[in-house]
Each structure stands twice: as structure tokens, then as C-alpha cells.
Amino acid sequence: MVSCGAMADGVRISFTDVAKRYDLRVVFRSVSGEAVPGEVLVITGPNGSGKSTLLAILCGLLRPTRGMVCHVLNGDETAREEWRNHLGVVAPAMSVYEELDAMENLRFFARVRGMNDADQRCHECLELVGLETDRRTPVRGYSTGMAQRLKIAQALLHDPEVLFLDEPGSNLDPAGKGWLGEYVHGLAAVGKTVVLATNDRDEMKWGQNHVTLAG
Amino acid sequence: MSRLLVEALAVAAKDLRTEFRTRVALNALGLFALTVLAAVSYTVGPYRITAEDRPFLLAVLLWIVIFFAALAGLDRSFVKEEESHTAPLLRLAASPTAVWLGKLGFNLVLIYFLMAILVPLYCILMGYKIQLVGGFALILVSGGYALAVITTIVAAIIARALTRGALFSVLSLPLLLPLLIFLIQGTAGAADGTAETVTSTLRAVLSMGGIMTIVSAMLFPVVWAD
């Protein structure tokens with residue numbers, strides 16, 4: 001078995017020679033890089049270059065056709081079942097439950113994540129993203145920007161070690177984008193790992209490391 | 001309470017809450033069951049079948065209504081997760097076993113709810129007299145469980161396929177057919193008072209349910225993750 005190496009604290013994700021293909025369509029060939037604690041890794045590339053696919057591979061939702069992805073937590077390689085406890089994801093292809101309201105959604109995700117007495121944390125997250133006053137409105141009645149804020153709250157609920165953001169500023173107003181940028185910087189400053197897939201010029205500036213996918 | 005049970009209950013409660021608000025699966029199950037029940041009771045009725053044939057033929061009709069109503073609605077919980085793009089977050093947040101148990105619990109509630117309304121109505125409208133009521137109730141409970149276990153794992157398998165509707169029936173029927181035959185024989189036995197038939201049916205149905213539970217528990221994490 002290939003060793004992933006070790007590092008003292010936080011989550012490190014290294015990926016080597018990763019390729020993804022769907023039947024005959026090659027999404028990308030041989031992508032390598034590393035996301036380390038305290039930094040934001042930005043994945044860029046034109047539409048269809050596979051940014052979201054790479055993000056899904058890195059967070060463990062998809063398996064690569066070729067290559068190796070290592071998730072290392074506090075120096076130890078993390079098993080798939082354990083890995084999910086340490087990550088939060090915001091992506092356009094992932095939705096929360098439209099039939100539930102914001103509070104019910106967060107309560108549900110808190111319970112399946114094994115968080116006890118999580119109501120206080122749910123309120124904090126809703127306050128953080130500016131949805132506290134709309135917490136009882138069914139998500140079906142939300143604007144796309146409000147739904148995006150709820151997805152961000154869901155991703156932050158369990159205070160994950162690593163955050164995967166796929167076009168996180170989409171549908172957010174300028175104030176929301178500004179807040180998110182500052183928040184992401186704050187997360188990196190306290191040693192969290194952030195992986196960001198985007199083509200937005202402002203969001204690209206959040207990152208220290210860049211991986212560019214060819215079209 | 002163990003974490004697994006708490007997670008599974010959360011999944012089942014979430015499904016019940018969303019189902020209560022949309023009623024997609026309930027409408028599919030209920031409409032099919034009530035339409036067929038109305039058609040059968042109107043065309044066949046309680047008196048068109050001879051007393052000698054009644055226990056067996058009415059058992060056949062009863063289980064046909066229950067099975068096909070179940071096929072119409074029990075795939076919804078997984079299909080809906082995929083169609084509404086909520087499955088990836090559920091995959092990341094909950095353990096596969098908790099998801100399976102939660103979805104199984106949800107399907108059990110649906111099938112037992114359907115049976116609780118359908119079976120008494122059927123017995124009244126069709127004049128179906130049951131000699132061994134306790135045995136009949138056990139057959140319904142064990143049959144409902146086996147039906148839910150099989151449809152839950154098949155629904156998980158087909159949820160990510162493109163031709164979901166057709167696949168659900170195609171994959172479910174070979175697994176459900178032996179169960180259907182056993183349940184019809186057992187119900188007929190309960191109706192005409194043959195305790196041995198009821199006992200052997202219960203043994204067979206519980207064995208099938210048990211085997212499918214073990215197979216599903218082993219298979220589901222692979223199906224759900226990949």
C-alpha cells in the first residue's frame with residue numbers, strides 16, 4: 001500500500017495522477033495537488049473541465065478512474081467511514097430538503113451526524129448565514145440565495161476540519177460574497193483546510209494554492 | 001440509545017415528515033390500492049365465488065392488491081433523494097447502515113399503514129371470513145416486513161439508474177414472486193382454519209425476510225456508496 005505521509009495537525013488531502021472518465025468521455029487526465037491545513041486550495045478551469053468532478057473525488061463521493069487520493073487527519077490516514085465526520089460540502093449539485101424548513105434541515109443533519117443537543121448550534125449557524133428570522137419558512141419558499149446560505153450553514157454545522165466549496169458565491173448578493181470570503185479566510189487562519197472550485201475572479205483570490213484544469 | 005439507532009430514526013422521521021407534506025408515495029400506494037379494491041369488489045363482489053373456492057381466490061386477490069400497490073409506491077424514498085439532489089449530502093452525513101435502516105423503517109410504516117386500511121376494507125367488501133385471525137395477522141405482519149425489506153434494497157439499486165420505473169418492477173418481481181405464493185397459501189390457510197399451513201407459511205416468510213435482511217445489510221453500503 002502506498003503511504004500518504006504524515007503531518008502534525010489538521011486535514012491534508014493529497015492527490016496524485018488522478019484521472020476521471022465516464023465511458024468514453026475523459027473528464028480530466030493526471031491531476032495532482034495538495035490541500036493543507038491553514039490554506040485554501042483553488043481549483044479552476046473552463047466549463048466542463050471537471051472542477052466539480054474533482055471536488056467530488058476529493059471529498060470521497062466519487063472514485064477516480066486512476067490515481068490516488070489520500071485523506072490524512074492529524075498525521076493518520078483516515079478511513080472512508082471516519083472521513084465523512086470531518087468534512088463539510090457546499091455544491092450546486094447538492095440540495096437540502098425543500099419540504100423542510102431551515103431549522104428542520106439543520107436538526108436532521110445534526111442528528112444523523114450524531115450531534116447531541118444541537119439546537120443551539122443550529123441557531124448559531126442560521127444566525128451566521130443570516131437566516132435566523134426565516135428559520136421556519138419551508139426551503140421551497142426560499143430564494144436561490146437563501147437556499148445557498150442554508151447549504152453553507154449545513155456545511156458548517158459540525159465545525160468540520162475541511163470545507164469543500166463548489167462555486168460558493170453563486171446566487172449570493174455582494175454582501176453575502178464578502179462575508180463568505182472573510183469567513184473562509186478566518187477558517188484558514190485557524191488551521192482548517194479549504195478546497196474551493198470556482199471561476200469567479202474574486203473567489204480565486206481567496207486561495208494560496210491553485211490547480212488549473214485544462215478544458 | 002445507540003448512535004446508529006438515533007441516525008436511523010432521524011432518517012425515517014425525515015422521510016415521514018417530507019412524505020406527510022407531499023404525499024407522493026401515499027397517493028401512489030393509496031390510489032392504486034383503492035382503485036383495484038373498488039374494481040374487484042364491484043366486478044367480483046362477495047357472492048360470485050363459490051364458498052369452496054373463496055379462501056384461496058380471495059387470498060390471491062388480496063395479495064395482488066397489496067403487492068402491486070407496494071410496487072407503485074415503495075421505491076419513492078430512494079428515487080426522490082436522487083431526483084431532488086439530496087442524496088449526496090445524505091451520503092456524506094449519515095452512515096450507510098443508518099440510511100438503510102431509516103428507509104426500511106419508512107417503508108414499513110407505509111406498508112403497514114396501507115394494510116391497516118386496505119385489509120379490513122377488503123374483508124368487509126368481499127365478505128372474506130378468516131377462521132384464524134391471529135395467524136392471519138402474523139402473516140400480514142411478516143409478509144409486510146419481507147415485502148418492505150425486498151422493495152427497499154431494490155429501490156436503492158434502481159434509484160441511480162435512468163430507467164427507474166421499469167427496473168423496479170423487473171428486479172422486484174423475481175424476488176417477490178416466491179413470497180407472494182407463500183403468503184397466498186398462508187392466507188388461504190388462515191381463512192379456512194388450517195393451522196399447519198399458517199405455521200409453515202410463517203416459517204417460510206420469516207426465513208425469506210431474515211435472509212433478505214442479512215443480504216441487504218451487507219449489500220446496501222456498496223450500493224449506496226458507489
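The values are calculated or read from the model by the stated rules, or taken from the named source; none is laboratory data. What you see is a predicted model, and the numbers here were worked out from it, not measured in a lab. Methodologically, a virtual Cβ is constructed for each residue, glycine included, from the backbone with ideal geometry; neighbour enumeration extends over all protein chains shown. Note: accessible area is taken over every heavy atom of the protein model, side chains too, but ligands, DNA and RNA are not part of it. Shrake-Rupley method; radii C 1.70, N 1.55, O 1.52, S 1.80 Å.
Placing a pseudo-label 7 Å from each Cα along the Cα-to-Cβ vector at B:Thr97 and A:Met204 gives an inter-label distance of 4.7 nm. Close amide H contacts of A:Leu62 (hydrogens built in the peptide plane, cut-off under 5 Å, sequence separation of 5 or more or a different chain): A:Ile57.
Remark: the stretch A:42-55, residue by residue, has Karplus-estimated 3J(HN,Hα) of 9, 9, 10, x, x, 4, x, 7, x, 4, 5, 5, 5, 4 Hz, where x stands for each Gly or Pro and the curve is 6.51 cos²θ - 1.76 cosθ + 1.60 at θ = phi - 60°. Between the amide H of A:His71 and those of A:Thr78, distances stay under 5 Å, these residues lying 5 or more places away or on another chain, with hydrogens modeled in the peptide plane.
Rounded to the nearest 100, the interface formed by chains A and B buries 2400 square angstrom of accessible surface, both chains summed, with a 1.4 Å probe. The mean number of Cβ atoms from other chains found within 10 Å of a Cβ in peptide A:103-112 is 6, as a whole number. Across every pair of non-identical alpha carbons in the stretch B:112-226, the mean reciprocal distance, once inverted, gives a Kirkwood radius of 15.3 Å.
Considering only protein heavy atoms and a probe of 1.4 Å, how much of the accessible area of the stretch A:11-212 is carbon and sulfur, as a whole percent? Carbon and sulfur together cover 48 percent of it. Accessible area per residue for chain B, computed on protein heavy atoms with a 1.4 Å probe, is 43 Å².
Of the two radii for chain B, the radius of gyration is 0.99 times the Kirkwood radius, both from the alpha carbons; that is the Rg over Rh value. Which entries in A:Lys151/B:Lys14; A:Lys20/A:Lys177; A:Lys20/A:Lys205; A:Lys20/B:Lys14; A:Lys205/B:Lys80 show an alpha-carbon gap greater than 29 Å? A:Lys20/A:Lys177; A:Lys20/B:Lys14; A:Lys205/B:Lys80, as the Cα separations exceed 29 Å there. Expressed as a whole percent, the accessible area of the stretch B:3-225 that falls on carbon and sulfur atoms is 73 (1.4 Å probe). Overall shape of the stretch A:113-176 was characterised from the C-alpha gyration tensor. The equivalent ellipsoid obtained from it has semi-axes of 19, 16, 10 Å, in decreasing order. Remark: chain A carries 45 Å² of accessible area per residue (probe radius 1.4 Å; ligands, DNA and RNA excluded). When shorter helices are ignored and each DSSP H run of at least 4 residues is given -39500 (n - 2.57), the per-residue value for chain A at 222 nm works out to -9000 deg cm²/dmol. Based on alpha carbons, the Rg and Dmax found for the protein assembly as shown are 25.8, 83 Å. Which longest uninterrupted range of chain A lacks any trypsin sites (Lys or Arg not before Pro) assigned by DSSP to a loop state (not H, G, I, E or B) and surrounded by at most 16 other Cβ atoms within 10 Å? Result for the longest clean stretch: A:1-135.
As a test, work out the antiparallel percent of DSSP beta bridges whose residues both lie in the protein assembly as shown, rounded to the nearest 5.
50 percent
In chain B, excluding the sites themselves, the longest stretch lacking any of the trypsin sites (Lys or Arg not before Pro) that are in a DSSP loop with at most 16 other Cβ atoms within 10 Å is B:49-128.
Size estimate for the stretch A:11-212 follows the Kirkwood approach: the inverse of mean 1/r over distinct Cα pairs works out to 17.3 Å.
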